[in-house]
């Protein structure tokens, strides 16, 4: 496997993944309202992805042997995915959801800042400014409640943000050595026991979505919906990293919480405020600006290359 540099394709996949990911939290909430605790949703989606990707791997005859050079990246991918799934979820037990989301979505800005060290590329002040604009839009849209700050919640959300950074970088590195289907399957297989243990601990040793757990039909529909979305969008997410570096695609994932807010309003009846509309608008402006900035930069590089080639 080799990674390629096709920014527009990577950005397209990133937007699709971010939009799809944004639908999952309202479905988790809907499943919770109908008898399924949130950690069980994490366990179910992990199980579903591992099973589906195992079937696809076998059907396509893909090799599952991991090169020695890829093992650190696979471990990092698995660990970061587990941290995001568990720490991000647990953080809302101690701090408001809005504040947890804002802390978690510092990861695109962190990626842009650390890109020169990890990727050897300098994102430029324009792209950093766009990422900061999108982050400011998130703060406005989500409207955190700072009245209840608990260091445990802040630490958990910050851990999830670091996990997001590691997940993006390791996904890009793994794409050069393994198929996204293979490393996604292996990574989720590695964290499957962890998600099961957390689900059992959270629910006192029971799994509610098993027969007899009192889950409604709507709860099962939400569970299968979020599981399907997770499988599809995790693959699309990793595909975006096979076409473009993490520093290119990460800012476009700011679309995710905006989508979550909109879907929650439609699905759960949560009303949007003026600042949520305004913040969402800022994020969309930042995404459009990122696309324009990237296109302008590519055109400039192409023109410079053409001029240099024309010099005798």
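List pairs: first in the range 6-34 and free of Cβ contacts under 8 Å to residues at least 24 places away in the same chain and on the phi > 0 side of the Ramachandran plot, second buried (at least 19 other Cβ atoms within 10 Å of the Cβ) and outside any helix (DSSP H, G or I), Cβ under 7 Å, 6+ apart or cross-chain?
none
Determine, yes or no, whether residue 62 is more than 19 Å from residue 235 (Cβ to Cβ) and modelled with pLDDT under 90.
no
Name the helices (runs of 4 or more DSSP H) wholly within the range 211-312 that hold at least 3 residues that are modelled with pLDDT of 85 or more and either exposed (fewer than 14 other Cβ atoms within 10 Å of the Cβ) or touching a helix residue (DSSP H, G or I) at 6+ places or on another chain (Cβ under 7 Å) (or both)?
Per the criteria, 217-243.
May I ask you to say which residue of 50, 14, 31, 18 is farther than 25 Å from residue 79 by Cα and crowded, with 19+ Cβ neighbours inside 10 Å?
Step by step, each of 50, 14, 31, 18 is checked, and only 31 is farther than 25 Å from residue 79 by Cα and crowded, with 19+ Cβ neighbours inside 10 Å.
Starting from residues that are surrounded by fewer than 16 Cβ atoms within 10 Å (Cβ to Cβ) and not in a helix (DSSP H, G or I), keep the ones in the range 108-142 and report whichever is modelled with the highest pLDDT.
120
Could you please tell me which pairs satisfy a Cβ distance under 9 Å, a separation of 6+ or placement on different chains, a first residue in the range 145-160 that is within 16 Å of residue 80 (Cβ to Cβ), and a second residue that is at pLDDT below 85 and surrounded by fewer than 15 Cβ atoms within 10 Å (Cβ to Cβ)?
156/93
Quick check on my filter: what residues within the range 189-210 are in contact with a helix residue (DSSP H, G or I) (Cβ under 8 Å, 6 or more places away or on another chain) and not in a helix (DSSP H, G or I)?
203, 206, 207, 208, 209 - these are the residues of the range 189-210 that are in contact with a helix residue (DSSP H, G or I) (Cβ under 8 Å, 6 or more places away or on another chain) and not in a helix (DSSP H, G or I).
Can we say residue 76 is within 16 Å of residue 172 (Cβ to Cβ), touching a helix residue (DSSP H, G or I) at 6+ places or on another chain (Cβ under 6 Å) and surrounded by fewer than 21 Cβ atoms within 10 Å (Cβ to Cβ)?
yes
Report the residue count in the range 30-82 for those that are under 25 Å from residue 269 (Cα atoms) and part of a helix (DSSP H, G or I). Reasoning before the result, please.
Here is the first cut: in the range 30-82, the residues under 25 Å from residue 269 (Cα atoms) are 30-42, 45.
Keeping just the survivors that are part of a helix (DSSP H, G or I) gives 30-33, 38-42, 45.
Within the range 30-82, residues that are under 25 Å from residue 269 (Cα atoms) and part of a helix (DSSP H, G or I) number 10.
Any residue at all in the range 97-107 that's modelled with pLDDT of 80 or more and either in a helix (DSSP H, G or I) or over 14 Å from the mean Cα position of the chain (by Cα) (or both)?
yes
Farther than 22 Å from residue 5 by Cβ, at pLDDT 75 or above and out of contact with any strand residue (DSSP E or B) (no Cβ under 9 Å at 6 or more places or on another chain): which single residue out of 79, 70 fits that description?
None of the others qualify; the one that does is 79.
Looking only at the range 177-205, count how many residues are more than 20 Å from residue 232 (Cα to Cα) and under 20 Å from the mean Cα position of the chain (by Cα).
Total satisfying the criteria: 1.
The values are calculated or read from the model by the stated rules, or taken from the named source; none is laboratory data. Everything quoted here is computed from the prediction, not taken from an experiment. Here Cβ is always computed from backbone atoms with ideal geometry, including for glycine, and neighbour counts include all displayed protein chains.
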